[in-house]
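Please read the structure below before turning to the comments.
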Amino acid sequence: MAENKLNIAADFAPTSTQEWKDKIIADLKGADFDKKLVWRTPEGFNVQPFYREEDKVGLASTMSAPGQYPFVRGTKENNDWYVRQNIPAMDAKSANAKALDVLNKGVNSLGFTIPGKELSAEYIRTLLDGIYCEVVELNFSTCQHRTLELAQLLADYFRSKNLELKSVHGSINCDPIQKMLTKGHAFDEAAIMERLQLAVEAKQLLPGFRTIGVNSLNLCNAGAYCAQELAYALAWGAQYMTMLTEAGVESATAAKCIRFNMGIQGNYFMEIAKFRAARMLWAKIVREYEPICNCAGGCQCEKVDGKYCPCAMKMNVCATTSTFNMTIFDAYVNLLRSQTETMSAAIAGVDSIVVTPFDVTYKRPDDFSERIARNQQLLLAEESHFDKVIDPAAGSYYLENLTSMLADEAWKRFLAIMDDGGMLAQVKAGKVQADMNATLAKRQADVAKRKEILLGTNQYPNFNETTDGKIESAAGCCGCCCEPELPVIPCVREAEQFEQLRLRTEQSGKQPKVFMLTIGNLAMRLARSQFSCNFFACAGYKVIDNNGFKSVEEGVDAGLAAGADIIVLCSSDDEYAEYAPAAYKYLAGRAIFVVAGAPACMEDLQKEGIENYIHVRVNVLDTLQKFNEQLLNK
């Protein structure tokens with residue numbers, strides 16, 4: 001018996017893809033396979049309901065190993081990443097104290113935002129005092145025209161500590177295009193080139209630093225889909241590469257100056273594919289600039305095409321969880337959102353990760369929320385061992401296809417941007433900004449219709465939750481005293497319209513009551529009362545559910561006795577023809593009457609004067625706004 005081992009290949013006959021599809025079609029019982037099961041992604045391509053080994057044959061994403069060109073499987077031979085925390089450094093001493101504290105709690109990468117007017121040797125000494133700079137990644141953001149000055153101050157400080165400059169790693173975030181997109185500054189090419197040249201000189205002072213940023217995180221926080229963010233990020237980086245190489249900077253040097261600061265949203269598998277595709281496409285782009293190796297001491301890596309430096313083609317990525325899908329209400333759900341986002345980035349093998357604290361939407365993060373944000377990464381590394389496996393997505397039929405399809409779509413968009421003058425020309429013409437505003441409008445419309453779900457906001461809200469004074473400040477863009485010279489990208493969370501609706505209810509001092517008049521078919525009345533309770537709770541209304549009534553008159557009387565402003569009839573489509581007119585006539589305008597559903601007899605009911613219907617096809621936001629106008633303006 002011990003020798004009778006199961007041999008799947010021998011004991012089970014192989015099943016072809018067509019046989020699987022035929023079985024699925026049979027189980028669909030006449031429903032259209034493509035309409036029912038094929039997903040048309042917002043990125044612009046179709047995803048099949050199942051993939052098999054044959055579907056990954058010949059895919060470019062499967063043709064390399066970790067640490068090897070074109071780096072789809074990662075730029076390194078391990079999956080270690082930096083756990084980064086950003087610290088506003090308005091005051092050097094307090095920022096230093098916080099940095100020392102978080103370094104003892106698992107952080108090994110620091111991000112400092114420094115006011116340009118504060119830059120001085122004394123400031124840098126105070127800020128970095130007690131920090132072992134050679135074992136911590138250091139990242140800085142300051143006024144862009146002071147990039148070189150900051151680099152010089154850092155270099156002097158490191159030398160004073162007897163550190164080899166090449167042993168200190170980090171970044172300085174010089175990114176003129178970001179200022180154009182977020183602040184509306186109209187830089188010309190000469191002004192941009194001046195800043196880029198300063199960044200290159202800063203790189204020469206600090207060889208272990210990346211000194212030019214591509215901050216597509218801002219696009220992610222404006223609602224960009226994965227292919228959209230990726231295409232613009234690639235065009236953004238290519239713009240800087242072109243400007244620098246045309247100015248005489250070696251292409252390898254230019255590429256090694258650039259760090260990509262990208263966002264992560266909640267589309268779990270798509271985000272994994274995004275970072276894998278990003279590395280592959282960026283390597284392809286830099287290859288076209290023919291980077292010759294200039295690595296200190298010579299590069300030991302195998303040259304691409306026998307002569308080009310692979311180190312220059314390695315994309316360096318810091319990934320930050322998005323604020324776009326974060327909410328004020330049911331804010332602890334933000335932890336679930338940022339956790340899956342962090343998992344996507346870690347599985348995809350990025351270089352560093354910033355987890356946005358869950359309460360950033362309504363207050364300055366405190367010690368508790370910052371601690372949780374740090375621990376979200378530490379749990380993945382220390383307890384789930386995500387750092388022990390390189391590119392666990394490799395070989396997955398689904399993820400390899402997703403990577404390939406996303407790369408193809410992003411590449412098409414990238415080429416279209418380049419054919420239209422490149423990233424800078426599109427920003428100057430306002431085309432990027434218009435594209436992002438169009439995407440925001442679409443996503444807000446999808447949230448309003450519940451095509452895109454935000455748990456706790458437009459679906460399954462916490463019925464009894466109020467802000468109760470917890471809002472200290474709303475998350476938003478940094479203010480700027482200058483009048484924008486260019487259009488700017490939006491800085492809006494997709495939950496904001498629902499939150500404004502609910503806050504208006506809360507701040508009005510009137511909480512409308514919605515009463516469920518449940519009657520008739522048990523299964524249908526329960527389903528529709530649950531749907532209706534969730535629907536109206538999204539506006540902060542008090543909902544009153546019931547087990548059922550023997551007559552509509554009994555239900556209406558109970559609703560009025562409870563002080564209902566809205567009475568919702570919950571029954572089956574077949575029974576609405578009888579119950580709805582009777583309930584509407586008996587109610588006689590003493591409360592707003594609503595039918596839960598879209599019954600076939602709707603036209604007849606409308607002739608009776610019944611105007612309000614809620615169902616899965618209505619615009620939830622618009623409908624609730626109309627009820628607010630009726631109920632809160634009395």
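Looking at residue 621, is it among the hydrophobic types (A, V, I, L, M, F, W, C), in contact with a Pro (Cβ under 8 Å, 6 or more places away or on another chain) and open to solvent by less than 20 Å² (accessible area, probe 1.4 Å)?
Working: among the hydrophobic types (A, V, I, L, M, F, W, C): yes; in contact with a Pro (Cβ under 8 Å, 6 or more places away or on another chain): no; open to solvent by less than 20 Å² (accessible area, probe 1.4 Å): yes.
Taking the combined requirement at face value, the residue does not satisfy it.
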>> So, in the stretch 115-169, how many residues would count as being assigned to a loop (DSSP other than H, G, I, E, B), open to solvent by less than 10 Å² (accessible area, probe 1.4 Å) and within 17 Å of residue 92 (Cα to Cα)?
In response: 1
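So which residues in the stretch 491-527 are open to solvent by 20 Å² or more (accessible area, probe 1.4 Å) and under 29 Å from residue 439 (Cα atoms)? Walk me through how you get there before you give the answer.
Pass one, the stretch 491-527, residues open to solvent by 20 Å² or more (accessible area, probe 1.4 Å): 491-492, 496-497, 500, 503-504, 506-511, 513, 520-527.
Passing the criteria: 491, 492, 496, 497, 500, 503, 504.
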> Taking the stretch 92-114 only, how many residues are open to solvent by less than 40 Å² (accessible area, probe 1.4 Å) and polar (S, T, N, Q)?
Replying inline: 2
> Does the stretch 197-239 hold any residues that are part of a helix (DSSP H, G or I) and free of Cβ contacts under 8 Å to residues at least 60 places away in the same chain, and which are they?
Replying inline: 197, 198, 199, 200, 201, 202, 203, 204, 205, 229, 233, 237
>> Tell me the residue from 278, 233 that is in contact with a helix residue (DSSP H, G or I) (Cβ under 6 Å, 6 or more places away or on another chain) and of a type in the set (A, V, I, L, M, F, W, C), please.
In response: 278
> Among the residues of the stretch 326-361, which ones are among the small types (Gly, Ala, Ser) and touching a Gly at 6+ places or on another chain (Cβ under 7 Å)?
Replying inline: 349
> Can you name every residue in the stretch 445-462 that is surrounded by 21 or more Cβ atoms within 10 Å (Cβ to Cβ) and part of a helix (DSSP H, G or I)?
Replying inline: 447, 448
>> Residues that are open to solvent by 20 Å² or more (accessible area, probe 1.4 Å) and of a type in the set (Val, Ile, Thr): list the helices (runs of 4 or more DSSP H) wholly contained in the stretch 353-434 that include at least 1 such residues.
In response: 367-378
>> Need pairs with beta-carbon distance below 8 Å; first residue surrounded by fewer than 18 Cβ atoms within 10 Å (Cβ to Cβ) and within the stretch 528-547, second assigned to a helix (DSSP H, G or I) and among the aliphatic types (A, V, I, L, M); sequence gap 6+ or separate chains.
In response: 546/558
> Does residue 465 fit the bill of being surrounded by 13 or more Cβ atoms within 10 Å (Cβ to Cβ), in contact (Cβ under 8 Å) with a residue 40 or more places away in the chain, part of a loop (DSSP other than H, G, I, E, B) and out of contact with any helix residue (DSSP H, G or I) (no Cβ under 6 Å at 6 or more places or on another chain)?
Replying inline: yes
>> Tell me whether the stretch 37-49 contains one or more residues that are open to solvent by 80 Å² or more (accessible area, probe 1.4 Å), under 26 Å from the mean Cα position of the chain (by Cα) and more than 30 Å from residue 142 (Cα to Cα).
In response: yes
> With 98, 76, 21, 35 as the choices, which residue is closer than 30 Å to residue 353 by Cα, among the charged types (D, E, K, R) and out of contact with any strand residue (DSSP E or B) (no Cβ under 8 Å at 6 or more places or on another chain)?
Replying inline: 76
> How many of the residues making up the stretch 236-258 are under 19 Å from residue 173 (Cβ atoms), open to solvent by less than 10 Å² (accessible area, probe 1.4 Å) and not β-branched (Val, Ile, Thr)?
Replying inline: 9
> What are the pairs, 6+ residues apart or on separate chains, where a residue within the stretch 367-386 that is of a type in the set (Lys, Arg) has its Cβ under 8 Å from a residue that is surrounded by fewer than 15 Cβ atoms within 10 Å (Cβ to Cβ)?
Replying inline: 371/105; 374/105
> Do we have residue 59 as over 23 Å from the mean Cα position of the chain (by Cα) and either surrounded by 22 or more Cβ atoms within 10 Å (Cβ to Cβ) or closer than 26 Å to residue 386 by Cβ (or both) here?
Replying inline: yes
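Conditions (1) within 15 Å of the chain's Cα centre (by Cα); (2) of a type outside the set (S, T, N, Q), marked per residue:
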{"residue": "229", "(1), (2)": "yes, yes"}
{"residue": "233", "(1), (2)": "yes, yes"}
{"residue": "238", "(1), (2)": "no, yes"}
{"residue": "251", "(1), (2)": "no, no"}
{"residue": "258", "(1), (2)": "no, yes"}
{"residue": "264", "(1), (2)": "yes, yes"}
{"residue": "274", "(1), (2)": "yes, yes"}
{"residue": "280", "(1), (2)": "no, yes"}
>> So if I check each of 448, 425, 441, which one is in contact (Cβ under 8 Å) with a residue 60 or more places away in the chain and of a type in the set (Gly, Ala, Ser)?
In response: 448
>> Among the numbered criteria (1) of a type in the set (A, V, I, L, M); (2) open to solvent by 20 Å² or more (accessible area, probe 1.4 Å); (3) touching a strand residue (DSSP E or B) at 6+ places or on another chain (Cβ under 8 Å), which one does residue 596 miss?
In response: (2)
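The values are calculated or read from the model by the stated rules, or taken from the named source; none is laboratory data. Just so you know, these numbers come straight off a predicted model, no measurement behind them. For neighbour counting, all protein chains shown are included, and Cβ atoms are generated from backbone atoms with ideal geometry for every residue, glycine included. Just the protein is used for accessible areas: all its heavy atoms, side chains included, with ligands, DNA and RNA removed. Shrake-Rupley method; radii C 1.70, N 1.55, O 1.52, S 1.80 Å.
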